[in-house]
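The values are calculated or read from the model by the stated rules, or taken from the named source; none is laboratory data. What you see is a predicted model; the values in this text were computed from it and never measured. Every residue, glycine among them, receives a Cβ derived from its backbone with ideal geometry; neighbour counts consider all protein chains shown. SASA here: full protein model, heavy atoms, side chains in, ligands and nucleic acids out. Shrake-Rupley method; radii C 1.70, N 1.55, O 1.52, S 1.80 Å.
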Amino acid sequence: MAVAGPTGPALSREEVDRALTRLGAEHEAVESSLLALQDHAGRRLLEGAELTGATKSRWAVTEQLITQLWVYFDAYTDALEAARELRARRRWPTPGELSDLTDLLCGAGLTLPAGPPTATLAALGGPARLSERLSLQDLLDRMNGWYAQALDVVVMADAVWSALPARIDLLAAELRRTRSLAHSVGVRPGEHPAGDDLEQITDELTALRCEVISDPLAFWAGASPSSAPGGGRPDTDRYDRAARALDEVRREVEAVLDVRQDAEQRLMRVRDVLSRADRTLGEARQARVEVLSKIAASEVPAVSGPPTALYEQLSVASEHRRRAQWHRLSPLLEGLEQRAEEELLRARESLTAVTAPLAVRAELRGRLDAYKAKASRLGLAEDPFLIERYDVARRMLWSAPCDLFAAEQAVLRFQQAVAGALAPPSAGSAVPETADRRGDA
């Protein structure tokens, strides 16, 4: 039976071999991880960057932590090599050798030098000591924990640097193109709100890039990679706001550019619409004079004058175009187009309202002529009664001023007379047809 040591019963030969195999595999995994951390692009960037803020303080701790990890790894390697050499002395170890191997593999026989500085240990939650004794397993657990913390800092910084600076540079290039286009159409700071917005976006992107480069950890949102894989991400909120603001400015600049490209055609259309409105109002004024002179007892609405304010705005718009002040022309031209169409519609409505009595008179004249033609087709053209009623209605409709109400009644009587002349006589009637109609007259 193996001799019991300070750590308890000694391990058997098979247990020693299994422990050496397991610790050897752990040694290889730790070594690969440390080498990968040493070559990690994020670590190299952190070493060469001028850091500020949270990243500066955390990287100072992480650098010391990585140094200490190699010290611990060397101690782990030496202890593992010592255990391997002791095990390799003979195929069947003696009880004393098994006891020594048990102490090496399981006991807290490793005396390690002082760890990282006090500030680093406080950040890691450990006490400040000059030295400490650990077992190989404790040492391995300590290295795994420190490695995860160091890797968090490196991975988060690398993820932020991979996500944001390149996107900021692309957005800055788009910003430069937009600013150049904006200046070409007069959208400049102090002259147009969009120009001021471009200046603010420029300042924001410049500041954002500097902050991202110097303090990437300030732009990490969510949990650390080791505590919640996939739970954290680079914080792009400020970048997203700047991108949305630039998109809004770009649309506004494109609208101003559209105005520059077709400003002359649009101004000509506005002039044409206003000219048609003027002509329509002129026709309405002439028609009103005619109605007042030819139609009696009719209320004719007044006709307004030309749209002076619109012509003044049109003159201002032309001046903006002449001076290439497209950012001023854009909103003014949109309002002019709408108000010009409204003015033309108002002029047409005014003409319709003024000429309504003339339209009624024309309709009555057409109806009178239509019934006269109907009477002629039916052989009643020489009927004295119909001729009399036709003449009365015609004199009213072709005289000035015309009483529309009386004329309408006269046309209605003529229409009824024609209808009566066409109706067959009622049964048992002994009154001559002409006398009967004379009596109605």
Select from the stretch 6-39 the residues that are out of contact with any helix residue (DSSP H, G or I) (no Cβ under 7 Å at 6 or more places or on another chain) and of a type in the set (A, V, I, L, M) and write down the one among them that is modelled with the highest pLDDT. 35
For the stretch 265-278, check the following and say yes or no: at least one residue is modelled with pLDDT under 90, under 27 Å from the mean Cα position of the chain (by Cα) and among the aliphatic types (A, V, I, L, M). no
Selection count, the stretch 293-310, where residues are at pLDDT 85 or above and either assigned to a loop (DSSP other than H, G, I, E, B) or open to solvent by 80 Å² or more (accessible area, probe 1.4 Å) (or both): 0
Looking at the stretch 55-84, I want the residues that are closer than 25 Å to residue 211 by Cβ and among the hydrophobic types (A, V, I, L, M, F, W, C) and have a partner that is at pLDDT 90 or above and not in a helix (DSSP H, G or I) with Cβ atoms under 7 Å, at least 6 apart or on another chain. Which pairs are those? 59/51
Across the stretch 177-234, which residue is nearest to residue 151 (Cα to Cα) among those that are within 20 Å of the chain's Cα centre (by Cα) and open to solvent by 70 Å² or more (accessible area, probe 1.4 Å)? 200
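Yes or no, residue by residue, for (1) more than 26 Å from residue 278 (Cα to Cα); (2) under 41 Å from the mean Cα position of the chain (by Cα); (3) open to solvent by 80 Å² or more (accessible area, probe 1.4 Å):
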position	(1), (2), (3)
291	no, no, no
322	no, yes, yes
328	yes, yes, yes
334	no, yes, yes
347	no, yes, no
358	no, no, no
373	yes, no, no
382	yes, no, yes
405	yes, no, yes
Among the residues of the stretch 150-161, is any open to solvent by 70 Å² or more (accessible area, probe 1.4 Å) and either in a helix (DSSP H, G or I) or of a type in the set (Ser, Thr, Tyr) (or both)? no
Which of (1) part of a helix (DSSP H, G or I); (2) modelled with pLDDT under 85 is the odd one out, the single condition residue 108 does not satisfy? (1)
Can you go through 48, 42, 96 and tell me which one is small (Gly, Ala, Ser), within 30 Å of residue 211 (Cα to Cα) and at pLDDT below 85? 48
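Results for (1) part of a loop (DSSP other than H, G, I, E, B); (2) among the small types (Gly, Ala, Ser); (3) farther than 30 Å from residue 184 by Cα, shown as yes or no for each residue.
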site	(1), (2), (3)
250	no, no, no
253	no, no, no
262	no, no, no
272	no, no, no
276	no, no, yes
281	no, no, yes
286	no, no, yes
317	no, yes, no
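Per-residue answers, yes or no, for (1) closer than 30 Å to residue 153 by Cα; (2) of a type in the set (Lys, Arg); (3) at pLDDT 85 or above:
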| position | (1), (2), (3) |
| --- | --- |
| 225 | yes, no, no |
| 229 | yes, no, no |
| 263 | no, no, no |
| 284 | no, no, yes |
Give me the pairs: first residue in the stretch 297-323 and in contact (Cβ under 8 Å) with a residue 40 or more places away in the chain, second residue of a type in the set (S, T, N, Q) and not in a loop (DSSP other than H, G, I, E, B), beta-carbon distance under 8 Å, and six or more apart or on different chains, which are they? 301/350; 303/350; 304/350
